[in-house]
Amino acid sequence: MTDAVIARAKEILRMNDLGAYTVPTHGLYPFQWNWDSALSALGLFHIDEDRAWTEIETLFDHQWEDGMVPHIIFHKEDEGYFPGPEVYDTRRPVPTSGLTQPPVTGFAVRRLFDRATDKEMARARALALLPKIARWHDWFYRARDPHGTGLVAVIHPWETGRDNSIDWDDAFERVPTEGVGAFQRRDIQHADPAHRPTQEQYKRYIWLVQLFRGLAWDNTKLHDASPFRIVDPGFNAILLRSCMDLADLAEELGDTALSLDQRAQAEQGLDALETLWSDSRQQYLCFDRVTKALIDSPSVGGLIPAFAPIAPNRAAAIAAHIDALGKRVNYLIPSHDPDAPGYDGERYWRGPTWLIVNYMVADGLERDGHTRTAARIVEDSLKLIEVGGFSEYFDPITGTPCGGPEFTWTAAMVLEFLERGPVG
Ligand code: GLC
């Protein structure tokens with residue numbers, strides 16, 4: 001059974017491999033996506049170590065001059081996706097989106113390095129990537145934390161990676177839809193519309209893109225101009241984990257200055273993250289930087305911080321929270337609390353379980369000694385694959401596979417779970 005699953009996972013990675021980058025899945029997502037590539041590289045490692053590094057290098061070949069790494073690289077034309085390069089109009093040599101995504105490459109590169117069998121190759125490639133990743137991290141603190149709070153904001157739901165989370169609903173109401181012309185969505189031609197964001201949400205997504213395009217994607221202006229400015233604890237935790245991992249890696253590779261910088265940034269961010277903790281929810285919450293209020297919404301965004309080196313009491317509380325959720329769902333971890341208003345077990349980030357989230361949370365919990373909870377998360381993830389194949393995401397109660405099929409990062413995470421257990 002396990003052998004067959006491993007073989008199928010590798011087959012999917014090969015199928016979605018276009019040479020120097022992978023697509024998340026053919027049809028629905030026909031380009032290179034940022035955090036998909038970082039996490040998929042960990043799966044590619046089990047097939048071909050050299051190819052794993054290439055995945056991340058390709059992404060950084062398209063880093064912007066200001067340090068930003070875009071969320072989509074439109075390597076070649078494809079009519080089957082909306083919004084395409086003409087909507088973003090970022091005027092890059094190879095078209096890219098103008099938004100970014102969760103910065104998980106610092107973590108991924110350290111993991112690739114630690115595991116490397118060819119240390120010499122890994123050393124050279126890690127050394128070349130280090131300053132680029134550091135530049136991206138610095139960009140975040142400059143462009144998305146212009147007032148020096150220690151926490152970065154996202155300015156579009158697509159940046160969070162949790163596109164239509166319930167967390168954004170109230171803030172998203174402030175985003176108008178006037179002036180958004182007619183457009184044809186392509187996602188609902190590839191996936192069940194009941195699994196996807198609504199039309200109203202799509203109009204707001206596009207309104208924000210139009211606003212940023214009107215500002216020529218100038219990152220010194222976008223943060224303050226956006227009516228949507230959210231501090232997401234999950235996003236920040238991913239950045240903080242990456243800063244710490246980059247610091248460790250730089251130290252090992254002899255770049256002391258870079259290492260000190262990244263560590264200082266991470267320490268400041270970890271302190272600031274504490275301002276998002278909710279005693280009543282026993283998790284972190286998002287913060288709306290426009291209204292200056294916490295968003296009382298029990299989503300997985302507040303549990304992802306287990307991935308970062310948070311305080312032991314916080315990690316223990318998150319483990320207990322997940323144990324409690326485990327009594328209410330069959331397949332951890334739901335992206336939203338199933339008993340909270342708005343939960344929808346099949347609609348994207350409003351309830352479904354995602355294997356990449358499971359991987360990151362299990363990794364942190366295992367590191368912090370919460371091995372029973374981590375093991376349950378891994379077991380549930382593998383059961384989902386048996387029941388529903390390598391889908392994009394799954395209903396946490398019924399296990400119904402949702403979204404796109406034969407998904408790259410789902411396959412990559414399965415390889416990680418099966419070939420090496422939850423931690424490196
Ligand atoms: C969706 C997901 C996002 C992912 C992308 C490609 O937009 O919400 O997290 O990166 O698909 O898989």
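The values are calculated or read from the model by the stated rules, or taken from the named source; none is laboratory data. Just so it is clear, the structure is predicted and the values come from calculations on it, not from any experiment. Ideal geometry is used to build each Cβ from the backbone, glycine not excepted, and the neighbour counts take in all protein chains shown.
So the values come out like this:
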| read-out | value |
| --- | --- |
| Neighbours by Cβ (under 9 Å, 6+ apart or cross-chain): first from region 319-337, crowded, with 18+ Cβ neighbours inside 10 Å; second modelled with pLDDT under 95 | 331/387 |
| Subset tally (residues that are farther than 10 Å from residue 408 by Cβ and within 12 Å of the ligand (Cβ to nearest atom)) for region 6-17 | 0 |
| Selected residue (only one of 173, 159, 120 is modelled with pLDDT under 95 and not hydroxyl-bearing (Ser, Thr, Tyr)) | 173 |
| Residue check, residue 268 in a helix (DSSP H, G or I) and within 22 Å of residue 34 (Cβ to Cβ) | no |
| Selection within region 271-299 - crowded, with 16+ Cβ neighbours inside 10 Å, in contact (Cβ under 8 Å) with a residue 60 or more places away in the chain and in a loop (DSSP other than H, G, I, E, B) | 289, 297 |
| Search result, residues across region 217-265 that are touching a Pro at 6+ places or on another chain (Cβ under 6 Å) and among the small types (Gly, Ala, Ser) | 237, 242 |
| Helices (runs of 4 or more DSSP H) contained in region 186-237 and holding at least 3 residues farther than 26 Å from residue 305 by Cβ, touching a Lys or Arg at 6+ places or on another chain (Cβ under 7 Å) and not aliphatic (A, V, I, L, M) | none |
| Meets criteria (away from the ligand (no atom under 16 Å from the Cβ) and either part of a helix (DSSP H, G or I) or of a type in the set (Phe, Trp, Tyr) (or both)) for residue 137 | yes |
| Residue in region 160-183 that is within 16 Å of the ligand (Cβ to nearest atom), in contact with a Lys or Arg (Cβ under 9 Å, 6 or more places away or on another chain), in a loop (DSSP other than H, G, I, E, B) and within 25 Å of residue 270 (Cβ to Cβ) present | yes |
| Where a residue in region 175-198 is free of Cβ contacts under 8 Å to residues at least 40 places away in the same chain and its partner, wherever it lies, is in a helix (DSSP H, G or I) and aliphatic (A, V, I, L, M), with Cβ under 9 Å and at least six apart | 177/206; 180/206; 181/206 |
| Only one of 368, 323, 380, 363 that is more than 16 Å from the ligand (Cβ to nearest atom), over 30 Å from residue 13 (Cβ atoms) and among the charged types (D, E, K, R) | 323 |
| Failed item, numbered, when residue 229 is tested on (1) over 30 Å from residue 52 (Cα atoms); (2) away from the ligand (no atom under 16 Å from the Cβ); (3) under 18 Å from the mean Cα position of the chain (by Cα); (4) surrounded by 22 or more Cβ atoms within 10 Å (Cβ to Cβ) | (4) |
| Evaluation of residue 201 against (1) modelled with pLDDT of 95 or more; (2) within 16 Å of the ligand (Cβ to nearest atom) (one fails), failing number | (1) |
| Residue in region 329-343 that is over 24 Å from residue 419 (Cα atoms), at pLDDT 95 or above and out of contact with any Pro (no Cβ under 9 Å at 6 or more places or on another chain) present | yes |
| Condition met for residue 337 (among the acidic types (Asp, Glu) and in contact with a Ser or Thr (Cβ under 9 Å, 6 or more places away or on another chain)) | yes |
| In region 147-156, residue farthest from the ligand (Cβ to nearest atom) [restricted to those that are in contact with a helix residue (DSSP H, G or I) (Cβ under 6 Å, 6 or more places away or on another chain) and under 10 Å from residue 232 (Cα atoms)] | 151 |
| Close pairs (6 angstrom Cβ cut-off, 6 or more residues apart or separate chains): over 16 Å from residue 383 (Cβ atoms) and modelled with pLDDT of 95 or more in region 410-421, among the aromatic types (Phe, Trp, Tyr) and surrounded by fewer than 17 Cβ atoms within 10 Å (Cβ to Cβ) anywhere | none |
| Among (1) surrounded by fewer than 18 Cβ atoms within 10 Å (Cβ to Cβ); (2) within 15 Å of the ligand (Cβ to nearest atom), the one test that residue 70 misses | (1) |
| Residues of region 18-53 classified as within 26 Å of residue 188 (Cα to Cα), more than 10 Å from the ligand (Cβ to nearest atom) and free of Cβ contacts under 8 Å to residues at least 60 places away in the same chain, total | 3 |
| Near pairs, Cβ below 8 angstrom, 6+ apart or cross-chain, from region 68-83 (over 26 Å from residue 181 (Cβ atoms)) to any residue that is within 13 Å of the ligand (Cβ to nearest atom) and of a type in the set (Ser, Thr, Tyr) | 68/100; 69/100; 75/21 |
| Within region 91-131, considering residues that are touching a Gly at 6+ places or on another chain (Cβ under 7 Å) and under 17 Å from residue 71 (Cα atoms), the one nearest to the ligand (Cβ to nearest atom) | 101 |
| Residue within region 346-354 that is more than 17 Å from residue 167 (Cβ to Cβ), surrounded by fewer than 24 Cβ atoms within 10 Å (Cβ to Cβ) and within 16 Å of the ligand (Cβ to nearest atom) present | yes |
